[in-house]
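For reference, the structure is listed below as C-alpha cells.
The values are calculated or read from the model by the stated rules, or taken from the named source; none is laboratory data. Quantities reported herein were computed from a predicted structural model and do not represent experimental measurements. Here the Cβ positions follow ideal geometry from the backbone for every residue, glycine too, while neighbour counts run over all protein chains shown. Only protein heavy atoms, including side chains, enter the accessible area calculation; ligands, DNA and RNA are left aside. Shrake-Rupley method; radii C 1.70, N 1.55, O 1.52, S 1.80 Å.
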Amino acid sequence: MPKAADVKRGNLVEINGQYMLVQQIDVKSPTARGAQTLYRMRFSKLPGGGKYEETFTGDDMLKEAQLERRKCSYLYKEGDLYTFMDSEDYSQYMINADAIEAQLPYLMDGMENIMALLVEGKVMTIEVPGTVVMEIIETVPGMKAASATGRTKPARFATGLELQVPEFLEAGEKVKINTETGKYLSRA
C-alpha cells in the first residue's frame with residue numbers, strides 16, 4: 001500500500017471498492033509550522049469513466065491495484081462495443097463506448113500503439129498515443145496571406161472531432177494533434 005506522496009499519474013488505486021486511475025496530482029505545501037503537504041488528486045473511475053476528486057495528506061495510505069498495460073490496435077466498432085486486438089497474443093478485447101468516451105474523438109480505423117489497461121484480465125479502458133495524425137475533412141478555405149502565427153479557424157475531422165487550426169490550413173491536409181490537451185500541434 002503506497003502513501004499518497006508516492007502515488008504517480010497513471011497509477012491505479014482502489015477507493016471504496018471502486019477502481020480509480022490517477023489523472024492529475026496537485027501538491028500544496030502550506031507554510032504554517034507543522035502543516036502537512038496536501039495532495040489533491042483527480043481520478044477517472046474505471047470502468048465506465050466519470051470523474052472523482054479527493055485530497056490526501058502525504059502519510060495517507062492508498063490501496064494500489066495491479067494494472068497491466070497491453071499494446072493493442074483498434075479493429076472495428078459494432079453497436080456500442082469497440083473491438084481491439086492484442087499485439088502480442090492476438091486476443092481480442094471488447095470495450096463499451098462509455099468506458100472510452102474521452103478517447104473516441106481520436107480513435108481511427110486500424111490505429112495502432114494503443115494501450116489497453118487491464119485489471120485481473122479484464123479491460124477497463126484504453127490510452128491512445130500522446131499525439132495522433134489526422135486529416136482535415138472540412139474547414140473554411142485557406143487564406144493565401146495568412147501567416148503561421150495568425151488567427152485560427154474551426155476544422156472538422158473524420159472522427160467528428162472539431163478543433164481550432166491556423167488559417168492557412170485547408171481540407172485534405174494532415175495535422176498532428178495532442179490527445180491530452182486536444183489542441184493542434186503542427187502539420188504532419
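Applying 1/(1 + (r/R0)^6) with R0 = 25 Å to the Cβ-Cβ distance of Arg156 and Arg40, what FRET efficiency is obtained, to the nearest 0.05?
Working: r = 36 Å, r/R0 = 1.43.
Given R0 = 25 Å and the Cβ-Cβ separation, E is 0.10.
So if I take the alpha carbon set of region 1-104, get Rg, then get Rh from the Kirkwood formula, what is the Rg over Rh ratio?
1.10
Say R0 is 45 Å: what FRET efficiency, to the nearest 0.05, do Glu138 and Asp89 get from their beta-carbon distance? Before the final figure, lay out each step's value.
On the way: r = 40 Å, r/R0 = 0.88.
That pair, Glu138 with Asp89, gives E of 0.70.
Need one number: nm distance between label points at Arg69 and Gln24, each 7 Å from Cα along Cα→Cβ, rounded to one decimal.
2.1 nm
If you scale each eigenvalue of the Cα gyration tensor by 5 and take the root, what three semi-axes come out for region 85-188, rounded to whole angstrom and sorted largest first? Before the final figure, lay out each step's value.
Values: eigenvalues 214, 27, 25 Å².
In descending order, the three semi-axes are 33, 12, 11 Å.
Filter the trypsin sites (Lys or Arg not before Pro) in region 1-73 down to the DSSP loop ones having no more than 16 other Cβ atoms within 10 Å, then list what survives. Could the numbers behind the result be given before it?
Values: sites: Lys3, Lys8, Arg9, Lys28, Arg33, Arg40, Arg42, Lys45, Lys51, Lys63, Arg69, Arg70, Lys71; in loops: Lys8, Arg9, Arg33.
Taking region 1-73 and a limit of 16 other Cβ atoms within 10 Å, the loop trypsin sites (Lys or Arg not before Pro) found are Lys8, Arg9, Arg33.
Any idea which of Phe157, Thr139, Met1 is furthest toward the positive side of the dipole for the chain, if Lys and Arg beta-carbons carry +1 and Asp and Glu beta-carbons -1?
Working it through, the farthest residue towards the positive pole turns out to be Thr139.
Which loop-located chymotrypsin sites (Phe, Trp or Tyr not before Pro) does region 55-107 contain, where loop means any DSSP state but H, G, I, E or B and the Cβ has at most 14 other Cβ atoms within 10 Å? It would help to have the intermediate numbers written out before the result.
Details: sites: Phe56, Tyr74, Tyr76, Tyr82, Phe84, Tyr90, Tyr93, Tyr106; in loops: Tyr90.
Loop-located and lightly packed - Tyr90.
Express the carbon and sulfur contribution to the solvent-accessible surface of the chain as a percent, rounded to the nearest whole number, probe 1.4 angstrom. Could the numbers behind the result be given before it?
Values: 5210 of 11140 Å².
Carbon and sulfur atoms account for 47 percent of the accessible area of the chain.
Restricting attention to region 1-94, which GluC sites (Glu not before Pro) occupy a DSSP loop and are surrounded by at most 13 other Cβ atoms within 10 Å?
On the way: sites: Glu14, Glu53, Glu54, Glu64, Glu68, Glu78, Glu88; in loops: Glu88.
Hits after loop and neighbour filter: Glu88.
Tell me the per residue accessible area of the chain using a 1.4 Å probe; a whole number in Å² is fine.
Numbers: 11140 Å² over 188 residues.
Roughly 59 Å² per residue, with all protein chains present.
Over 28 Å between Cα atoms: which of Lys77/Lys174; Lys45/Lys183; Lys45/Lys77; Lys71/Lys153 fall into that group? Can you show the working numbers first?
Values: Lys77/Lys174 24 Å; Lys45/Lys183 24 Å; Lys45/Lys77 23 Å; Lys71/Lys153 35 Å.
The answer is Lys71/Lys153.
Give me the one-decimal Kirkwood hydrodynamic radius in Å for the chain, with the sum taken over alpha-carbon pairs.
On the way: mean 1/r = 0.0530 Å⁻¹.
After inverting the mean inverse Cα-Cα distance, the result is 18.9 Å.
What distance in nm lies between label points placed 7 Å from Cα along the C-beta direction at Thr181 and Asp98?
Modelled inter-label distance: 3.3 nm.
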